[in-house]
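K.L.:
Below you'll find the structure I mean.
The numbers here are math on the coordinates, done by the rules we state, and not lab data. Predicted model only: the values in this text are computed from it and were never measured. A quick note on method: Cβ atoms are made from the backbone with ideal geometry, for glycine too, and the neighbour counts reach across all protein chains shown.
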Amino acid sequence: MRRKLAAGNWKMNGLGAGLSEVAALKAAHPAPGVDVLLCPPATLLARMSEVAGDTIATGGQDCHDAKNGAHTGDISAAMLADAGASHVILGHSERRQDHDETDNDVRQKAKAVMAAGLIAVICVGESLDEREHANTLQIIGGQLAGSIPDAATAANLVVAYEPIWAIGTGKIPTLDQIGEVHDFIRDTLERRFGPGVGRSTRILYGGSVKPSNATEIFAVSNVDGALVGGASLKAADFSPIITALEQA
């Protein structure tokens, strides 16, 4: 049985005052029936980890693939772990687009994350042009092959499907489209890693997930949770998503 996961990506949002939202979320879900993860900016990670305690896991939004060295402005997986992180988001479309990250870049970072004992949340997703030209599964397949290291297991990997055209736009694929991609990811993982890893690895959906559509999305085949952006910044918005996942 795959334990559901509600993950929040704060992106470049949040100051110290925003930690009150974490406390409110913790109070609303003192013993959540699903795993809850928040990935704040690096400046908040250590403080958020203290507030979150054992109830809410915390993670980084990216890391360097080296353990240490002359990489001004970068953060290693070990540093994130030292600040309290248990997960690291990798390959988010905004990193791929804004920083020209390739599948191999993501793969090398994922190796570093797994070597540090952390869980890699590897993001894949197609653009609107790729969707309209019916290349979605080809694109997703290539990203999975190139981004996921051979050392991946169900214990150190989470895959997040985020159609680029749905992130922050209010648009979402149809439920059938979400199901098609998630089923494809599941089949791809099973073929590569075998049924043990393939069937146990959690696959999240991300892209304009909100309280009003969470229940129907969580009912789709092979959707094991969500990677939520803006709606994770406020406890009042993220809490109903967690509840919907608990009831799925």
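K.L.:
Calculated from DSSP H runs of 4 or more alone, at -39500 (n - 2.57) each and per residue, what is the 222 nm mean residue ellipticity of the chain, nearest 500?
P.N.:
Result for the chain: -13000 deg cm²/dmol, rounded to the nearest 500.
K.L.:
If one computes the Cα centroid of segment 27-47 and of segment 74-112, what distance in Å separates the two points?
P.N.:
Taking the Cα centre of segment 74-112 as reference, the centre of segment 27-47 is 19 Å away.
K.L.:
Take residue 177 and residue 190, extend 7 Å from each Cα along the Cα→Cβ direction, and tell me the distance between the two endpoints in nm.
P.N.:
Each label point lies 7 Å from its Cα, and together they span 2.5 nm.
K.L.:
How big is the charge dipole of the chain about its Cα centre, in debye rounded to the nearest 20, if each Lys and Arg gets +1 on its Cβ and each Asp and Glu gets -1 on its Cβ?
P.N.:
560 debye
K.L.:
If amide H atoms are built 1.01 Å from N in the plane of the peptide, which residues on other chains or at least 5 residues away come under 5 Å of the amide H of residue 225?
P.N.:
5, 205
K.L.:
Can you compute the modelled spin-label distance between residue 82 and residue 3, with each label point 7 Å from Cα toward Cβ, in nm?
P.N.:
Spacing of the two 7 Å Cα→Cβ label points: 2.8 nm.
K.L.:
Can you give me the relative contact order of the chain as a percent, contacts being Cα pairs under 8 Å and 6 or more apart?
P.N.:
22 percent
K.L.:
Cross-link candidates for residue 210: which lysines have Cα within less than 30 Å, leaving aside residues fewer than 8 places away along the same chain?
P.N.:
Result set, ordered by chain and number: 4, 11, 26, 109, 171, 234.
K.L.:
I'd like the Karplus ³J(HN,Hα) series for segment 60-66: coefficients 6.51, -1.76, 1.60, θ = phi - 60°, whole numbers in Hz, and an x wherever there's a Gly or Pro.
P.N.:
Calculated HN-Hα couplings, in order: x, 9, 4, 7, 7, 8, 9 Hz.
K.L.:
Projected area of segment 60-100, taken from the Cα convex hull and averaged over every viewing direction, in nm²?
P.N.:
3.0 nm²
K.L.:
Just from the alpha-carbon atoms, what are the Rg and Dmax of segment 159-213 in angstroms?
P.N.:
12.5, 36
K.L.:
How are the C-alpha pair distances of segment 5-247 spread across 10 Å bins, as whole percents from the shortest bin up?
P.N.:
All Cα pairs, binned at 10 Å, distribute as 8, 34, 39, 18, 1 percent.
K.L.:
What order, most packed first, do the peptides 128-141, 162-175 have when packing is the mean number of other Cβ atoms within 10 Å of each residue?
P.N.:
On the way: 128-141: 14.6, 162-175: 17.6.
Ranking the peptides 128-141, 162-175 by packing returns 162-175, 128-141.
K.L.:
Among 140, 32, 122, which residue has its Cα furthest toward the positive end of the charge dipole of the chain, with +1 on Lys/Arg Cβ and -1 on Asp/Glu Cβ?
P.N.:
32
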